[in-house]
Every structure is written in C-alpha cells, then in structure tokens.
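These notes concern the structure reproduced below.
Read the figures in this text as sums done on the coordinates, not as results from a lab. Remember, it's a predicted structure, so these values are computed and weren't measured experimentally. Cβ placement follows ideal geometry from the backbone for every residue including glycine, while neighbour counts extend to all protein chains displayed.
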C-alpha cells in the first residue's frame, strides 16, 4: 500500500515547476475523470482518451459529451462515443465536432482494445481528423494514431500509459503546416476503498511544459459520486459530480481557469446489460 | 543440519526464481546501470564495450558452475563488487561443494537483488571427476561455433551519399563518401570449454568502400587464438588481444567502469591478457602474449606490432585517429600511417591475503607524435618512445580491503591510485579512493579510474557507500572531489569540481523494482557570451533526477516507466532544463519462438547541456545510448525470432522525430528533414 501511495504522490508532485497549460486539439473531448486525469481512470472511457480503457469493461455502452470553454458557444466540443465488446477485442467508436462555420474541426475514430490476463490491457485507435481553417482553403485532413496501456499492479492500483499522435502527424497547408499535438501521458489510479479513488497523471506535449493532474472521486451513496481535483500552473481547480440512475450515468464537471474563466463538461452515458 | 534447514527454507522462498533462472536472459537493467553512466561520464554515445557484453551473453548461455569457478571468472560478472566475490569464494572454501543455488542467500553481502542479478549467469553442478582431455576429436565434437552477420542502414539519405558532379568532386574529393551507406560485419567464434578460443572479425562501416578503387574487401580484419591452462601456460594468445595490469595506470585496453551507480565497483577487472574480437579498430594489441605460472608467481609478457591511423606530415603526426572510419579521401590519407610496437611484462605474486605486481611497458612509434602546441596540452605525450613502470597491490584483511598502483614514466612523471574498502557491518560498505596523476604523467595505454578519460593532470578523492537499511531497500551514494592542477581542454586555468550521486533502490516484490537517482556535478569551464570577447572561467553545474519503475505482468510480459529531468547552468546564466518520459514493453511469445521489446519516449531538452542519455536495448552483442536533446520523440522496436534450432534473427528499427528542425546532423552526416530512422539486422548461427 505504501508503494502505491508513493506512486500516486510521485506522479502528482513531480516537477510541478515545469507546468503550464496543456495544448490539446480542440476537437478532443474532455474526460469526466477528476481533473481530467483519464489515463488510468478505468471507470469510464471518453472519446480520444486512453483506448486501452475500453477493454476494462465488457458491456455495450454509448455516451455523449459536451464541453463548453469559457462560456463561449463557439468554443464548444460535442462528441459521441460507443464501446462494443466482441469475443476477440473491444471496439470503440468516437465522433466529435468543435467550432463554428468559419473554423471547425471534426474528428472520428475507431479503437480496438484487448484485455490480456485481466492485468494488462492494450488499445490502439486511429482517428480521421479534418480542420476547416477558412472557407477558401476548405477542409484539410490527416489520420492520427493513439496507443494506450493499462497495467493492473494490484487489485487497488493501476498504471496507465497513453500517447496521442506518436508519429507526429501534421497537416500541410499552402504556406505552412498546422501542428497537431503529440502527447505522452502516464497516469496512476489508486483505490483506497470501493468508495474512494485517487488519480495522478503527468502529461507532456513535446512543445509544452510538463503538466500534472491529480484528483479524487468519492462515491457518497450508490447513486451519487463527488469529484474534486486540479491541474497545471496556474492551478485550475476541478469539481464535478456523477449521478447513477440504473444504467444511466450523468456527469457534470466544472473547472475554473484563473485567467480565462469557467469550463464545463457535461456527459451522458448508458450501459446495456 | 542448520544449513539444510536454511536451504529448504530458501528453496521455498525462491521458488519463483527458478522460473526466472530458466529464462537465462541478460538482465538489461544491469547493462543500463553500467553503460549509461559511462556514456555520461565520457560525454560520448560512441564507445566500445563489446567485451562486457561478450562476457555476459556468454555466461547467460553457458552459466558459471560455482563449484568450479575462480576469482578471474567471477570478476567478469561486472555487477558483483570485490567484497561479494571474496565472500563467495570464502563460502566455497568453507562449505565446498555447494549443493544448490539457494545457498547464495547464506553468503554475506548477497541481497535479494544481487541474487536476482546473478541467477542468469551461474549454476551449481557437481564437478566432473576428470576434465575432458583436449583432443582434436573432442574439439570437433564439443566445441561451440558461432557465426554472426550484421547489416545496418539509415533509411534517410545523408549528405555524403548524395550525387555530386565529377567537376565538384575533382575540386573537393571529400564532398562525398567513397562507399555505400551500408554497415556490415561478419564474426566467427570458436570456443572449446574455456580452454580454446578462436575468432575472426571483419567489418565495413557505412560510407566505407567495400570494392572499388580505394579498397577491396572489408575495411577491418581481426583474428585471434587464445589457449588457457595448458601446462605452465595459463594463457597464450596470438593475434589481436587486450592487456590490463594493476589498476590500469600503465596498461589497460579493456573497459574501465569509472563512476556509476555501482558505487563500490571501482577496482579494475580482467587483469592479464585476453583475446579481442571486437570491431573497435583502435584499442587492442596485435601480436603474441603469454602468462606463465610458477607456483605463486605469474609472469605475463607480450609483444605487439600494429599499424594505426594518424594525420602524418613527413615523419611527424599530431594525433592518433581512433574512430576507425575511412569514408572519405581525407580519412584514407590517414589510414595505416603509423607503426606502433609495444612490449610489456607483468610479474605478480599472490599470497593468501596479499597480491603484488610489477608492470613494465615500452612503446615505440616509427614517426614522432607532435601535438599542435596549446597551453592545455603542454605536458601531453610527444615523441616516438615511452617507457612506464608501476607497482600494484591488493590486500584483504578482516573487514578491510586495499588496492592500488603507483607508476612512473621515463620522464619521471608520477601517478598513484589507492583505495580502501571497509565493511563495518553486513549492511554497510564503504569505499575510499585517492588518486594523483601529475600533469606530466601521460601514458598512451593508461585507463585507470578518473574524472577525465585521460589519466593525467588530476587529483581527487572519492568516497562511496552502499547501505541496506531495510529488506528490499538499497541506498547507494558517492561523492567525488577532483582538481586539475594544470589547464585542460576548454578550461584555461587550473580548476576544481565535484560530482555527487545518490540512488535509492526498492524491490518490494519479485517482479517489481524501482529506483530514484539524483546526480549533480559542478566543474569549471571556459564561458563565452555576448558581453565578453575572451572566455572567462566560471562554474558549470549539471544535475539530473531520474525515476524508473520496472514491473512484470507475467513471466513473459514486462514493462518499464522512466521519468528523467535534467538541469544545467553556466556561470550566472539562467538554468536550462530537460525532461524525458519513456514507456517500455517487452514480451516473449509462448507458442512462437518470437520475442520483442519496444520503447516510446518523448524528450524536451532545451540544449546540448540538458541532453539525456538513455540506454537502449538492441540486437545481440550491441547496445546504444543516444544523447537526446532538442524537442521530439523516439521509438524503437527490437524483434528476435528463432528461425531454426540454431539460427536466430534479430531486427531493430528505431526512429527519432524532432520538431522545429529541418535538418539533422552536419557535414556529410546531414539529413534533410526532421526524421532519422535506423535499421539493424543480425543473423546468428550456432553449431
């Protein structure tokens, strides 16, 4: 137990002085995990997060997710996702949209993940990504890969690895190129008990400083859990709730950037049993 | 009875280790611990440590029988420190023969991690009543043959391989490499027990010509025959060989560990003569040598006559070319231009707890070495002959051990290195090492412990300790203070510095290991900036913090996470930082003769000073330690596939991708673009 606490603590506090706000593709759906520390968050898969997570559950699931940045409609992302278990592997599907008529991004992905020996999960995802920079240029597109791993070190402790765009694919434009972030994430999750979960995560985009995240999720009653956490420098606090009504799950998360304002994430998912 | 009880208990305790032992794989974390820090100390990613790999791979394949071993053999397991070797030999002396491998736990100084490291390389078997006699029939029947062929290629076209018009080549013939971009080598080795060793090595580097106007065949050929334990001859070697005596103050052409996280492993290893089958084209002797044993006395003598590369002008040359590359007309003009003859002898006398030795060497060059004069190299060796002699010793007394060597050259330049080891308890070990290499001492084949790769102009004091405070924990630390009484390259005044390391290892479970390491070094350096016209001397600080976690999901599946941050600061400039994150995965298939390992890493190091050295697994008998800096990512994939019972294929593909970079490298090595991809293929055949 000491070892696992050490891991999570280490991931949470390592090199805090390196941290700045992370750059992510805008069409990326944000996770409902506390502080968006989704890499080792095995409870729920969100589109474009660690694809290995989809093999940690063996039920059909559909989900919708809405992200609103700084209370501006034009900076919102809408996504839908689904996970479909099969005999060989679990398939994940995701589709998202960001922006408005003058600038928008569309991303669609197919993930395949497999569970090996219940202690090791591997997933791979390929996304079609298209961006409309201006009506004159039209859509430019490319294919982006994602790879993820979840390792179960003990019943209570998980380590996750996720990389988005490891091949550093970019979009060539007429005069320049649009850089698509290449992100390396390492995360841990530690279950103090069935009710209390602690997450820690380090994210590194090649061209941006290292970013840490940490958060807790507490299942207050069977139908309701509270999430609290934060990330980055300047610190962005994150607060959220999940409501469970039979197979339906409703997630609401809010975070406050000290400079730019409030972001809200709203999720709805249904599990077929 | 008590011993039997212990053994039964440990048998149960180590039942998992049996499985691990059957794997017989070289633990790469050992190689990583050794090589990464050598690369960092030498500030180069290009150094040859083939002999270490040869030893480890050999013993992984043919483990040492502890009931029939000796100190020299155990010294080849480089992760064991001197005290552990002595304790193991003492245990064998007291309780010979060992009944099974689990007795290792009973030996003082052997902790769980040490035993885990040792298991792939040792076995416990009964000694055969009569050794197999050396007969031609037995040599054919029991001898092991190994044939290795390797091919490397960079996938991007470098500047040196691009088309250059003839007119331009006439004007500047060095604008293009003379050969193709393939590297290939061929090695054949024969081993009969440990008694007869023979081998041939050939190599062509990328860019060297294999068949054409400038060269026909391989660029480098090497061969050896070594016989061990034939009558009075302990060793007889003909062909290419290496020689090491004492602490390497006069002579050592084998590796030296220097400072590493194996903080107690400072003593020079592999004393004497040994064959050299490496593709290193410089650091070996070519001739004949032998070690003869007369009771307690061993007499080693050798003679070497070799042609080396140098930039000669008339009867003079200013430096020895050591990279072994002959890719341009300019390189070829330096090839095989200087003849070097070396004769050496070493006499040693061994008592129960004391060993003393005397070394005397002389080298003759057919041309005069005359370095371009600068203040920093004022005392460097120049001329065409050099003689050096030394006295070395090793003493073991109770909880103390001493070793050292004191040397002098024909110009009366002195040098000395002395060490004291002390084990106050079974959980604490200390090592103190002092060295003084005068500015005038500069012996061409010296390779003793030091801050600099050249054993001259250095004084220093090293204190290392290893503590096992609790079960599963190990703390290693050293502090090394050094000074350079004369100028050095890049330091225009006498200077001082220090180097600190602390590492905590924790192995909570059989399959889980982690360590945190912090290293800090301060040196003085020439500093230039926009506000000064001449360099000034100021402190240069460099620190690194690393965390590594290794865990196994099963016997077949292993993972590793690495986080490393570096920091550097010159004078009063702002500090700069670097960071690296890496994920490793290795897997061996059960139903297929296939195994692979892969790594994906992302690095962001502001400049060269923040570079991060990372050990990479590689094809058989190879390793690489790229120094990563700039911003980018790297991945590699190693595959091993057993095509046939005696035929194995090894493939490595590695690619580095940078951002904000449009060219990689410089000169003829320059690549257009931001990606660099390397492919290596090796085929091994044993029969």
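At 7 Å along the Cα-to-beta-carbon direction for both residue B:333 and residue B:89, put a label point, then send me their distance in nm to one decimal.
About 5.3 nm, to one decimal.
Need one number: the % of Cα-Cα pairs in segment A:2-243 sitting beyond the 26 Å mark. Working shown, then result.
Numbers: 10864 of 29161 pairs.
Here the tail beyond 26 Å accounts for 37 percent of pairs.
Return the average number of partner chain Cβ atoms within 10 angstrom of each residue Cβ along peptide B:594-602. Don't skip to the answer; put the middle values down first.
Working: counts 0, 0, 0, 0, 0, 0, 5, 1, 10.
That works out to 2 on average.
Tell me, what is the Rg over Rh of segment A:151-273, with Rh the Kirkwood radius over Cα pairs?
Over the Cα atoms of segment A:151-273, Rg/Rh equals 1.04.
Could you tell me the largest-minus-smallest coordinate of the C-alpha atoms of chain B on each of the three principal axes, in descending order and whole angstroms?
Answer, in whole Å and largest first: 84, 60, 56 Å.
Could you work out the per residue convex hull volume over the alpha carbons of the protein assembly as shown, in cubic angstrom?
Numbers: hull volume 188.3 nm³, N = 960.
Enclosed volume per residue, from the Cα hull, is 196 Å³.
Hey, what did chain B get for relative contact order, percent, Cα under 8 Å, at least 6 apart?
Relative contact order of chain B: 10 percent.
Given the DSSP H assignment, sum -39500 (n - 2.57) over each helix run of at least 4 residues in chain A and divide by its residue total; what's the result at 222 nm in deg cm²/dmol, nearest 500? Please report the intermediate quantities before stating the final value.
Details: 1 runs with 12 residues, N = 273.
When only DSSP H runs of four or more count, the value is -1500 deg cm²/dmol.
Could you line up B:139, B:94 from fewest to most neighbouring Cβ atoms inside 10 Å?
Placing the least packed residue first, the sequence is B:94, B:139.
For the peptides B:381-394, B:638-651, what is the packing order when you average, over each peptide's residues, the other Cβ atoms within 10 Å and list the highest mean first? Could you put the intermediate results ahead of the total?
On the way: B:381-394: 18.7, B:638-651: 15.2.
Sorting B:381-394, B:638-651 by mean packing, highest first, produces B:381-394, B:638-651.
I want to verify a result. In a Gaussian network model of chain A, Cα cutoff 10 Å, which of these has the top mean-square fluctuation: A:109, A:261, A:148?
A:261
When Cβ neighbours within 10 Å are restricted to other protein chains, what is their mean count per residue of peptide B:548-556?
The shielding value for this peptide is 3.
Kindly provide the helix-only [θ] at 222 nm of chain B, computed as the sum of -39,500 (n - 2.57) over DSSP H runs of four or more divided by all residues, to the nearest 500 deg cm²/dmol? If you can, show how the numbers build up before the last one.
Working: 10 runs with 92 residues, N = 687.
Only helices count here, giving -4000 deg cm²/dmol.
Let me know the mean shielding of B:511-523 by other chains, meaning the per-residue number of their Cβ atoms within 10 Å of its Cβ.
Mean shielding count: 1.
Can you give me the angle between helix A:2-13 and the longest principal axis of chain A, using Cα atoms only, in degrees from 0 to 90, rounded to the nearest 10?
The angle comes out near 30 degrees.
Can you give the Rg to Rh ratio for segment B:153-223, taking only C-alpha atoms and Rh from Kirkwood?
So for segment B:153-223, dividing Rg by the Kirkwood Rh gives 1.18.
Could the peptides B:415-421, A:97-103 be put in order, highest first, of the mean number of other beta-carbon atoms found within 10 Å of their residues? Don't jump to the answer; show the numbers that get you there.
On the way: B:415-421: 21.4, A:97-103: 14.1.
Highest mean packing first, the order is B:415-421, A:97-103.
Please report, largest first and rounded to whole Å, the three semi-axes of the ellipsoid equivalent to segment A:31-154, where each semi-axis is the square root of five times an eigenvalue of the C-alpha gyration tensor.
Three semi-axes, in Å: 29, 16, 11.
How would A:80, B:178 line up from fewest to most surrounding beta-carbon atoms within 10 angstrom?
A:80, B:178
What ranking of B:214, B:441 emerges when the number of other C-beta atoms within 10 Å of each C-beta is taken as an exposure proxy, fewest first? Numbers along the way, then the final one.
On the way: B:214 16, B:441 26.
Fewest to most other Cβ atoms nearby, the residues stand as B:214, B:441.
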